[in-house]
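Trainee: So that we are looking at the same thing, I have put the structure below in structure tokens.
Read the figures in this text as sums done on the coordinates, not as results from a lab. Please read these numbers as outputs of a predicted model, since none were measured by experiment. Every residue, glycine among them, receives a Cβ derived from its backbone with ideal geometry; neighbour counts consider all protein chains shown.
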Amino acid sequence: MLLYLLQQETSSTELRTECAVVLGSLAMGTENNVKSLLDCHIIPALLQGLLSPDLKFIEACLRCLRTIFISPVTPEDLLYTDATVISHLMALLSRSRYTQEYICQIFSHCCKLQHWHSCGFKSLPQPLLCANGPDHQTILFNHGAVQNIAHLLVSTSYKVRMQALKCFSVLAFENPQVSMTLVNVSVDGELLPQIFVKMLQRDKPIEMQLTSAKCLTSMCRAGAIRTDDSCIVLKTLPCLVRMCSKERLLEERVEGAETLAYLIETDVELQRIASITDHLIVMLADYFKYPSSVSAITDIKRLDHDLKHAHELRQAAFKLYASLGANDEDIRKKIIETENMMDRIVNGLSESSIKVRLAAVRCLHSLSRSVQQLRTSFQDHAVWKPLMKVLQNAPNEILVVASSTLCNLLLEFSPSKEPILESGAIELLCSLTQSENLALRVNGIWALMNMAFQAEQKIKSDILRGLSTEQLFQLLSDSDVNVLMKTLGLLRNLLSTRPHIDHIMSTHGKQIMQAVTLILEGEHNIEVKEQTLCILANIADGTTAKELIMTNDDILQKIKYYMSHSNAKLQLAAMFCISNLIWNEEEGSQERQDKLRDMGIVDILHKLSQSSDPNLCDKAKTALQQYLA
């Protein structure tokens, strides 16, 4: 009935305005209220109302639209179904401070490229794209959002300033195009970054400080402001650290930490500065102390509030610790020495909240880049146990980070390597190499490569058995060069030390030689071919394995071809093969030398001994000496 009256041109404007007000009040109720209104097609009706000449009616329609779009049950795309709507809203911005406030609020709630996140991972699926293609940020940008909203930052109304600021924080997020534009826009002779910095000052409301810090953070991450610019180092970063302090509300502490994690994520210098600002590392330890002990809480509402924010706080702290420790060894040490830190991470790995688990794994991954910590704290706390558990049945986004961490725990100096092997890691990693997800394939093969480095023969045989020849070929023909390089790295590590080389080549020789031929004939980059020739050089170092090369004329011709290649790296790798084949002290060296001489190898060696490249020249002379001895 209300909607019917709202849409009747014959109803008086007063009545239609009242209808919009009542509908707005209904929309403020439960989510079910909003769903019912959406089912009745309230949005097209209200958008139609915006065409009225009456300002009071337009404001009532906008207020109602604002309330509906703020609701999590409203799909943002409903704003973009008709191309004329956005330009009409831009035109209405100049009508009154209310139209300005509501329209900016609608835009910031309907601009979903990606949610605000930090530490390089997105907790949500890929952004929704509108029916016509470009994402929301681009549509608003192309309709002149920056120019139309910029002057609202100096409005006399606080609410308008605040909504305009929120709009920019959403528009600029992960968007270089918007960020680069914002840097050069000025209002009343002042550039936007300067306006944002003024809004960061301590005397401004917290909400304003936080939102302008987000704008500057987005502009910095998009490359529009340098990381060493004073507005970042002296203004934005200290403001965000302030937001992490005990004095702030829990929500503000969450947002402050997440934004700071995002700001410093890729910059070593900012990580160092943040780590020594206001005892941040110790301050974050407090994020794990919620909810406070129940006996101390008499207020049940407060307990409910604390519980609601407890996992968000832990997630934010883990994210910020992950960013802080991403590069610097001293910072990692400080983080790990913070009270109960390793226990907190271990607990985080088994939390029910997927977001907390993901952030805890991120944090662990960041700390696992430290050789020192892998040997000490990681071992003392048997971190590998909960990590292996996480790897059993986690969603892909967690698996990617957890398997990266496992790669580090499998490095040869890590004491966790043994127990991880005993807990069935080979099978798990071999299954990762079959994943549809590229990052998981890379990590699976990378971890196996680390595992095979200087390993005993049994482990190497288990890896080959677990992978199967079929899967090995699959990986060697993977379209991603990273997968290919790691697989070759694995083969190279498997084929090291003589008894191992001979053993593996006696069981898998035919297939490995096929794979090598395949790659040397394919269209691959220099690094791939070099790695493949190094595998051949390892095979040539075997006692019995050598014969697989010597009886394969095709491979010998390829080695000869690469000795005269234009790239010195490939020439050098091919020479290693030759040196290992002709080495004097070994049985059958005379026959091998004769066969290679007949192929013209000695002539090439003479030519290379005159090379201007000192490495090639030395290697060729050493090889020629084997013929003279």
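Trainee: Excluding same-chain residues fewer than 8 positions from K198, which aspartates and glutamates have a Cα within less than 15 Å of its Cα?
Mentor: Answer for K198, where 15 Å is the Cα cut-off: D188, E190, E207, listed by chain and number.
Trainee: Sticking with this one: Multiply the residue separation of L191 and S11 by 0.36 nm, subtract the distance between their alpha-carbon atoms, and state the gained length in nm to one decimal.
Mentor: Computed gain between L191 and S11 is 60.1 nm.
Trainee: Where Rh denotes the Kirkwood radius from the mean inverse Cα pair distance, what is Rg over Rh for region 280-421?
Mentor: Rg/Rh: 1.00.
Trainee: Once Rh is set to the Kirkwood radius over Cα pairs, what Stokes-Einstein translational diffusion coefficient, in µm²/s, holds for region 159-248 at a temperature of 20 °C and a viscosity of 1.002 mPa s?
Mentor: In µm²/s, the coefficient rounds to 165.
Trainee: Report, in deg cm²/dmol and to the nearest 500, the calculated mean residue ellipticity at 222 nm for the chain, where each DSSP H run with n ≥ 4 adds -39500 (n - 2.57) and the sum is divided by the residue count.
Mentor: -20500 deg cm²/dmol
Trainee: In nm², what is the average projected area of the convex hull enclosing the Cα atoms of region 368-516?
Mentor: Result: a mean projected hull area of 8.4 nm².
Trainee: When we measure straight from the Cα of K529, which aspartates and glutamates land under 14 angstrom away, once same-chain ones fewer than 8 places off are left out?
Mentor: E521
Trainee: Could you work out how far apart the two model spin labels at E427 and N396 are, taking each label as a point 7 Å from the Cα in the direction of the beta carbon, and quote it in nm?
Mentor: 2.5 nm
Trainee: Counting residues in region 477-527 as N, plug N into 2.2 N^0.38 Å and put the Cα Rg over that result.
Mentor: Working it through for region 477-527, the quotient is 1.21.
Trainee: Ratio of the chain's C-alpha Rg to 2.2 N^0.38 Å, to two decimals? Intermediate results must be reported in sequence, preceding the final value.
Mentor: Details: Rg = 32.1 Å, N = 629, 2.2 N^0.38 = 25.5 Å.
Ratio of Cα Rg to 2.2 N^0.38 Å: 1.26.
Trainee: In addition: Which peptide among 492-504, 585-597 comes first, and what is the full order, when sorted by highest mean count of other Cβ atoms within 10 Å?
Mentor: Ranking the peptides 492-504, 585-597 by packing returns 492-504, 585-597.
Trainee: Taking the dipole about the Cα centre of the chain, with the C-beta of Lys and Arg at +1 and of Asp and Glu at -1, give me whichever of Q177, L475, S12 is farthest to the positive side.
Mentor: Of the listed residues, the answer is S12.
Trainee: Pop the C-beta distance of S496 and D554 into the FRET formula with R0 = 25 Å and round what comes out to the nearest 0.05.
Mentor: Numbers: r = 24 Å, r/R0 = 0.98.
Efficiency for this residue pair is about 0.55.
Trainee: Another question, then. What is the calculated FRET efficiency for K385 to A568, with r their C-beta to C-beta distance and R₀ = 56 Å, to the nearest 0.05?
Mentor: The computed FRET efficiency comes out at 0.75.
Trainee: Pairs to check: K510/K560; K458/K558; K159/K289. Give those whose C-alpha atoms are more than 30 Å from each other in this structure.
Mentor: As for pairs spanning more than 30 Å Cα to Cα, those are K458/K558; K159/K289.
Trainee: Mind giving me the nanometre distance, one decimal, between the label points for S155 and D82, set 7 Å out from Cα along Cα→Cβ?
Mentor: Result: 2.4 nm between the two label points.
Trainee: Place a +1 charge on the Cβ of each Lys and Arg in region 533-629 and a -1 charge on the Cβ of each Asp and Glu, then give the dipole magnitude about the Cα centre in debye, rounded to the nearest 20.
Mentor: 360 debye
Trainee: Checking the cross-link filter: which aspartates and glutamates have an alpha carbon closer than 17 Å to that of K417, excluding same-chain neighbours under 8 positions apart?
Mentor: D380, E427, E456, D462
Trainee: Which value, in debye to the nearest 20, gives the size of the charge dipole of the chain about its Cα centre, when Lys and Arg are +1 and Asp and Glu are -1 at the Cβ?
Mentor: With only Lys, Arg, Asp and Glu charged at Cβ, the dipole is about 1000 debye.
Trainee: Calculate one ³J(HN,Hα) per residue across region 456-469 by plugging θ = phi - 60° into the Karplus curve 6.51 cos²θ - 1.76 cosθ + 1.60, and present them in order as whole Hz with x for glycine and proline.
Mentor: Each residue of region 456-469 in turn: 7, 4, 4, 4, 4, 5, 4, 5, 4, 5, x, 6, 6, 4 Hz.
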